[in-house]
Amino acid sequence: MATNDASTTNRLAVTFASCQTANRAALIGYLTAFDPDEEQSFERLCAACEGGLDVLELGVPFSDPTADGPVIQEAMVRALQSGATLDGVLRLAGRLRDRFADLPIVLFGYANPLLRRPIATVVELLENAGIDGLLVVDLPPEHNVELRQAAAARGISWVGLCAPTTPPARAARVMADATGFVYGVSLTGVTGSALDTNSPELRTYIDGLCTHAQTPVAIGFGIKHAEQVRALAPMVDGIVVGSELVRASLRSSDDLRAKVRELANACRRGD
Amino acid sequence: MNQPSKPPLPPSPQMLGSFGEFGGRYVSETLMPAVEQLAEQWPLAWQDPEFLREYNDILRDYVGRPSALTEAPRLAKALRASDPPRIFLKREDLNHTGAHKINNCIGQVLLARRLGKTRIIAETGAGQHGVATATACAYFGMPCVVYMGAEDVARQSLNVVRMRLLGAEVVPVHSGSATLKDAINAALRDWVASVRDTHYVIGSVMGPDPYPLMVRELQRVIGDEARAQMLKRTGKLPDTVVACVGGGSNAMGIFAAFVEDTSVDLVGIEATGEGVETARHAATMARGKLGIYHGMRSLVLQTDDGQLQEAHSISAGLDYPGIGPEHAHLRETGRAKYFGVSDTEALEAMQLLAQTEGIIPALESAHAIAGLKHVLALYPGQAPVILLNLSGRGDKDMHTVMGHLDPDALEMIGVREASGKKGTDGH
Ligand SMILES: Cc1ncc(COP(=O)(O)O)c(C=O)c1O
């Protein structure tokens, strides 16, 4: 089993540690690569990073994203129409890596586009592009061993997904697999649904994750507003915002940068 | 969360009802517990005499089983005048709602009720599975939502009206190619949000384990009946069993009873649409590559970069870029053979069966009829006995075929253009 690589060369671990020191939750921002094309996507991604993202979750477009709501689905359609490929996404990641040397980049996606090539080839490409972590929605613990271990051998962390429906025994297995962080899906639904951060069930769920996880815990799905982020920041190590950033990016890169800045500020704990 | 210090690990891929390298449970974590519950509860239900009694009673008294076995001598002669084969049609077209789909729906809605689920969702392409699910839900008094690609809503409008008349909510899906694969995506998204109280009735031998296995078992009544009927009628097993293959449920249902009979050839017929060399076909066996989609690992039409491609067939029920994992396995092991049939050949076969035997097949089933020439080629100079699964009737397709087969009828009834054809813009 891969163990959590907490060495200082691991950008994810370093980032979570420095956020902890600064008494804030890490802001993990999702954007779909190549939305709406390579150059505009690069510009938007740069704007988001400049706005203060702690971790970038870079989405690999897929024709059939069954865990995503309409906003991210449509972003993937735009990206594919402009010719997004895995190689293109990794080229984009490489450009971001050159520009933001310390930024942890987690590749988010579905199994099929990744596994078109032999696993050994894929993880080599990921490493060369400077990818720090991998989150594959449709590779549950039953199916992720090969990719997860090959990635680990190249220093690429695995992000484990837990859902509110996950029973304790499964959650333990997900947590054992996770080396980067545990991603707690906040709600029973797709990305972009509405989330009530005041619900007692959510608090109990997050408590459970934090008690048992051996890695940082991030929470995501349905987080849009600074108030939600403020409410969650004291409870978790990271907060993932996806659909709302995609939506802001559709307005302008400046709006996106401003939105990220607002959310990043809300990540501060205290008072 | 109170957990044991050493929790039991989830099952390994080998235990996930895999068919060789095909199958598995490739779903997001939110759905995993529901899929596990099904995998655990389904075998218990299937061994419970009370469950089986209720299922079989409904199939008999409501669906109208056993379905007839009809010999088709004039069709046989038309196909090969000298040494004509003997062809027997398993008449799933005579089932309530007009196709084999109802066998599966009755079983799954019964199971959903047993699991305490109170809402049913389904995807549909041709509308046959949607109609069958809506029917089962009306029968059991369950609310039903059917996702259907907007393209299919347009070309199978009659079935949309049927579903709504049966009390189901039909949700047109505009995303992606707006056909069956997108309807499946939409149903999966609903299920991700509603999984606690909702059962997803998948319409074919596809999706995450245990669906491919469960749907096969719920359709094997076709094969079990046909095997007994053939033995009674001819005193022996057929030489070949033929069926059309979309996702593959009618084929797996009839194959299931013959897989162990190694003397019986199993043949599946897929849709080559406008030709496998064009971009408009649904020939997953001929052109598909291994992929992970819709919860399973199986063959699928996809780009080199792993994006699913749109399929095309004149038959909406075969218009799917994937195929059930057990079929991929049966081909890999050589136990079954697969051939392709084009839109044009299927249309001709529909006409041939109508005029030789007085049976109008569904366009899906017409592919199996057209595929008989490939079967006969396996038996040069012999007169094989062939069992063919006539999976459904053609009423639903009249709108689609009239522009192709009978332009005069269009004029007679004053329709200017058949609206059953898929748009040419590919979207
Ligand atoms: C009459 C009929 N036959 C066949 C099919 C194809 O499905 P399968 O391959 O699962 O039998 C359909 C699907 O809608 C159908 O309606």
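The values are calculated or read from the model by the stated rules, or taken from the named source; none is laboratory data. Just so it is clear, the structure is predicted and the values come from calculations on it, not from any experiment. Ideal geometry is used to build each Cβ from the backbone, glycine not excepted, and the neighbour counts take in all protein chains shown.
Just to verify a result, which residue in the stretch B:226-253, among those that are away from the ligand (no atom under 16 Å from the Cβ) and in a helix (DSSP H, G or I), is nearest to the other protein chains (Cβ to nearest Cβ)? Write out each step before concluding.
Of all residues in the stretch B:226-253, those away from the ligand (no atom under 16 Å from the Cβ) come to B:227-240.
Among the residues that remain, those that are also in a helix (DSSP H, G or I) are: B:227-234.
Numbers: B:Arg227: 35, B:Ala228: 38, B:Gln229: 40, B:Met230: 40, B:Leu231: 41, B:Lys232: 44, B:Arg233: 45, B:Thr234: 45 Å.
Step by step, filter the stretch B:226-253, then rank; the result is B:Arg227.
Among the residues of the stretch A:9-24, is any farther than 30 Å from A:Gln149 by Cβ, assigned to a loop (DSSP other than H, G, I, E, B) and touching a Gly at 6+ places or on another chain (Cβ under 7 Å)?
Step one: of the stretch A:9-24, the residues farther than 30 Å from A:Gln149 by Cβ are A:21-24.
The next check asks that each one be assigned to a loop (DSSP other than H, G, I, E, B); those that pass are A:22-23.
Narrowing further to those that are touching a Gly at 6+ places or on another chain (Cβ under 7 Å): A:23.
Taking every residue of the stretch A:9-24 in turn, at least one turns out to be farther than 30 Å from A:Gln149 by Cβ, assigned to a loop (DSSP other than H, G, I, E, B) and touching a Gly at 6+ places or on another chain (Cβ under 7 Å).
Output the number of the condition that A:Glu262 fails; it satisfies all remaining conditions of (1) in a strand (DSSP E or B); (2) over 23 Å from A:Phe108 (Cα atoms).
Condition not satisfied by A:Glu262: (1).
For every residue, the table says whether it meets (1) surrounded by fewer than 22 Cβ atoms within 10 Å (Cβ to Cβ); (2) within 14 Å of chain B (Cβ to nearest Cβ); (3) at positive phi.
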site	(1), (2), (3)
A:Thr179	no, no, no
A:Ser193	yes, yes, no
A:Pro200	yes, no, no
A:His212	yes, yes, no
A:Ala226	yes, no, no
A:Pro234	yes, no, no
A:Ile239	no, no, no
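Only residues that are facing chain B (nearest Cβ under 9 Å) and among the polar types (S, T, N, Q): list them for the stretch A:150-177, please.
Matches in the stretch A:150-177: A:Thr165, A:Thr166.
So how many residues does the stretch B:134-153 have that are within 16 Å of the ligand (Cβ to nearest atom), assigned to a helix (DSSP H, G or I) and either modelled with pLDDT under 95 or over 18 Å from B:Val109 (Cβ atoms) (or both)?
Here is the first cut: in the stretch B:134-153, the ones within 16 Å of the ligand (Cβ to nearest atom) are B:134-136, B:146-149, B:151-153.
Retained after the next criterion (residues that are assigned to a helix (DSSP H, G or I)): B:134-136, B:151-153.
The next check asks that each one be either modelled with pLDDT under 95 or over 18 Å from B:Val109 (Cβ atoms) (or both); those that pass are B:151-153.
The qualifying residues number 3.
Just checking, does the stretch B:371-383 include any residue being among the aliphatic types (A, V, I, L, M) and within 14 Å of the ligand (Cβ to nearest atom)?
Step one: list which residues in the stretch B:371-383 are among the aliphatic types (A, V, I, L, M), which gives B:372, B:375-378, B:383.
Then drop every residue that is not within 14 Å of the ligand (Cβ to nearest atom), which leaves none.
There is no residue in the stretch B:371-383 that is among the aliphatic types (A, V, I, L, M) and within 14 Å of the ligand (Cβ to nearest atom).
Would you confirm, using the coordinates I've provided, whether B:Asp209 is away from the ligand (no atom under 16 Å from the Cβ), touching a residue at least 12 places away in the same chain (Cβ under 8 Å) and over 24 Å from B:Tyr293 (Cα atoms)? Full working, then the answer.
Values: away from the ligand (no atom under 16 Å from the Cβ): yes; touching a residue at least 12 places away in the same chain (Cβ under 8 Å): yes; over 24 Å from B:Tyr293 (Cα atoms): no.
It is false that B:Asp209 is away from the ligand (no atom under 16 Å from the Cβ), touching a residue at least 12 places away in the same chain (Cβ under 8 Å) and over 24 Å from B:Tyr293 (Cα atoms).
Anything in the stretch B:279-294 that is within 11 Å of chain A (Cβ to nearest Cβ) and more than 17 Å from the chain's Cα centre (by Cα)? List them, or say none. Walk me through it before giving the result.
First, pick out the residues of the stretch B:279-294 that are within 11 Å of chain A (Cβ to nearest Cβ): B:289-294.
Result: B:Lys289, B:Leu290, B:Gly291, B:Ile292, B:Tyr293.
Criterion first (within 15 Å of the ligand (Cβ to nearest atom) and crowded, with 24+ Cβ neighbours inside 10 Å) does B:Ile359 satisfy it? Reasoning before the result, please.
Values: within 15 Å of the ligand (Cβ to nearest atom): yes; crowded, with 24+ Cβ neighbours inside 10 Å: no.
So B:Ile359 does not fit the description; no.
Looking at B:Val145, B:Val153, which one is surrounded by 17 or more Cβ atoms within 10 Å (Cβ to Cβ), out of contact with any Gly (no Cβ under 9 Å at 6 or more places or on another chain) and under 26 Å from B:Ser175 (Cβ atoms)? Step through it out loud before you land on a result.
Working: B:Val153 fails: out of contact with any Gly (no Cβ under 9 Å at 6 or more places or on another chain).
So the residue among B:Val145, B:Val153 that is surrounded by 17 or more Cβ atoms within 10 Å (Cβ to Cβ), out of contact with any Gly (no Cβ under 9 Å at 6 or more places or on another chain) and under 26 Å from B:Ser175 (Cβ atoms) is B:Val145.
Kindly evaluate B:Pro325 against the criterion of being within 14 Å of another protein chain (Cβ to nearest Cβ), within 16 Å of the ligand (Cβ to nearest atom) and either touching a residue at least 24 places away in the same chain (Cβ under 8 Å) or closer than 30 Å to B:Gln302 by Cα (or both). I'd like the intermediate steps shown before the answer.
Details: within 14 Å of another protein chain (Cβ to nearest Cβ): yes; within 16 Å of the ligand (Cβ to nearest atom): yes; either touching a residue at least 24 places away in the same chain (Cβ under 8 Å) or closer than 30 Å to B:Gln302 by Cα (or both): yes.
Judged against the criteria, B:Pro325 is a match.
Failed condition for A:Leu139, given (1) surrounded by 24 or more Cβ atoms within 10 Å (Cβ to Cβ); (2) within 21 Å of B:Arg25 (Cβ to Cβ); (3) more than 10 Å from chain B (Cβ to nearest Cβ); (4) of a type outside the set (Lys, Arg), with all others met?
(3)
Can you pull out every residue in the stretch A:249-264 that is surrounded by 14 or more Cβ atoms within 10 Å (Cβ to Cβ) and touching a residue at least 40 places away in the same chain (Cβ under 8 Å)? Full working, then the answer.
So the first thing to find is which residues in the stretch A:249-264 are surrounded by 14 or more Cβ atoms within 10 Å (Cβ to Cβ), and the list is A:249-250, A:253, A:255-264.
Answer for the stretch A:249-264, where residues must be surrounded by 14 or more Cβ atoms within 10 Å (Cβ to Cβ) and touching a residue at least 40 places away in the same chain (Cβ under 8 Å): A:Ser249, A:Ser253, A:Leu256, A:Arg257, A:Ala258, A:Lys259, A:Val260, A:Arg261, A:Leu263, A:Ala264.
Just to check your reading of the model, which residue among B:Glu348, B:Glu326 is assigned by TED's automatic domain parsing to the domain that holds B:Ala256 and surrounded by fewer than 24 Cβ atoms within 10 Å (Cβ to Cβ)? I'd like the intermediate steps shown before the answer.
Working: B:Glu326 fails: surrounded by fewer than 24 Cβ atoms within 10 Å (Cβ to Cβ).
Just a single option satisfies the conditions, and that option is B:Glu348.
Among the numbered conditions (1) closer than 26 Å to B:Met350 by Cβ; (2) in a helix (DSSP H, G or I); (3) more than 13 Å from the ligand (Cβ to nearest atom), tell me where B:His281 comes up short.
Among (1) closer than 26 Å to B:Met350 by Cβ; (2) in a helix (DSSP H, G or I); (3) more than 13 Å from the ligand (Cβ to nearest atom), B:His281 violates only (2).
When you scan the stretch B:289-304, how many residues do you find that are assigned to a strand (DSSP E or B), over 19 Å from B:Thr278 (Cα atoms) and not hydroxyl-bearing (Ser, Thr, Tyr)?
Kept after step one, since they are assigned to a strand (DSSP E or B), are these residues of the stretch B:289-304: B:289-293, B:295-300, B:302.
Restricting the remaining residues to those that are over 19 Å from B:Thr278 (Cα atoms) gives B:290-293, B:295-298.
Those left that are additionally not hydroxyl-bearing (Ser, Thr, Tyr): B:290-292, B:295-297.
Residues that pass the stated criteria total 6.
Can you report the number of residues in the stretch B:119-133 which are part of a helix (DSSP H, G or I) and either β-branched (Val, Ile, Thr) or more than 14 Å from the ligand (Cβ to nearest atom) (or both)?
Taking the stretch B:119-133 as the starting set, the residues that turn out to be part of a helix (DSSP H, G or I) are B:128-133.
Narrowing the set further to residues that are either β-branched (Val, Ile, Thr) or more than 14 Å from the ligand (Cβ to nearest atom) (or both) leaves B:131, B:133.
Result for the stretch B:119-133: 2.
Quick one: which of B:Gly295, B:Gly275 is surrounded by 22 or more Cβ atoms within 10 Å (Cβ to Cβ), on the phi > 0 side of the Ramachandran plot, touching a residue at least 40 places away in the same chain (Cβ under 8 Å) and away from the ligand (no atom under 14 Å from the Cβ)? Steps first, please.
Numbers: B:Gly275 fails: surrounded by 22 or more Cβ atoms within 10 Å (Cβ to Cβ).
B:Gly295 is the lone residue from the list that is surrounded by 22 or more Cβ atoms within 10 Å (Cβ to Cβ), on the phi > 0 side of the Ramachandran plot, touching a residue at least 40 places away in the same chain (Cβ under 8 Å) and away from the ligand (no atom under 14 Å from the Cβ).
Which one of B:Ala186, B:Ala178, B:Ala154 is within 11 Å of another protein chain (Cβ to nearest Cβ) and in contact (Cβ under 8 Å) with a residue 40 or more places away in the chain? I'd like the intermediate steps shown before the answer.
Values: B:Ala178 fails: within 11 Å of another protein chain (Cβ to nearest Cβ); B:Ala154 fails: within 11 Å of another protein chain (Cβ to nearest Cβ).
After applying the criteria, what remains is B:Ala186.
Considering only the stretch B:191-205, I want to know if a residue exists there that is in contact with a strand residue (DSSP E or B) (Cβ under 6 Å, 6 or more places away or on another chain), of a type in the set (A, V, I, L, M, F, W, C), away from the ligand (no atom under 16 Å from the Cβ) and within 14 Å of another protein chain (Cβ to nearest Cβ).
So far as the stretch B:191-205 goes, yes, one or more of its residues are in contact with a strand residue (DSSP E or B) (Cβ under 6 Å, 6 or more places away or on another chain), of a type in the set (A, V, I, L, M, F, W, C), away from the ligand (no atom under 16 Å from the Cβ) and within 14 Å of another protein chain (Cβ to nearest Cβ).
Filter the stretch B:338-356 down to the residues that are in contact (Cβ under 8 Å) with a residue 60 or more places away in the chain and more than 16 Å from the ligand (Cβ to nearest atom) and list them by number. Break it down stepwise before answering.
Filtering the stretch B:338-356 down to residues in contact (Cβ under 8 Å) with a residue 60 or more places away in the chain leaves B:338-343, B:346, B:352-353, B:356.
B:Ser342, B:Leu352, B:Thr356 - these are the residues of the stretch B:338-356 that are in contact (Cβ under 8 Å) with a residue 60 or more places away in the chain and more than 16 Å from the ligand (Cβ to nearest atom).
Do any helices (runs of 4 or more DSSP H) entirely within the stretch B:49-118 hold 3 or more residues that are buried (at least 23 other Cβ atoms within 10 Å of the Cβ), at positive phi and acidic (Asp, Glu), and if so, which?
Numbers: elements: B:49-58, B:73-79, B:101-114.
By residue number, no helices (runs of 4 or more DSSP H) qualify.
Could you count how many residues in the stretch B:305-338 are over 14 Å from the mean Cα position of the chain (by Cα), part of a loop (DSSP other than H, G, I, E, B) and of a type in the set (A, V, I, L, M)?
2
Please determine, by comparing only the residues of the stretch B:157-175 that are away from chain A (no Cβ under 13 Å) and part of a loop (DSSP other than H, G, I, E, B), which one is surrounded by the fewest Cβ atoms within 10 Å (Cβ to Cβ).
B:Gly167
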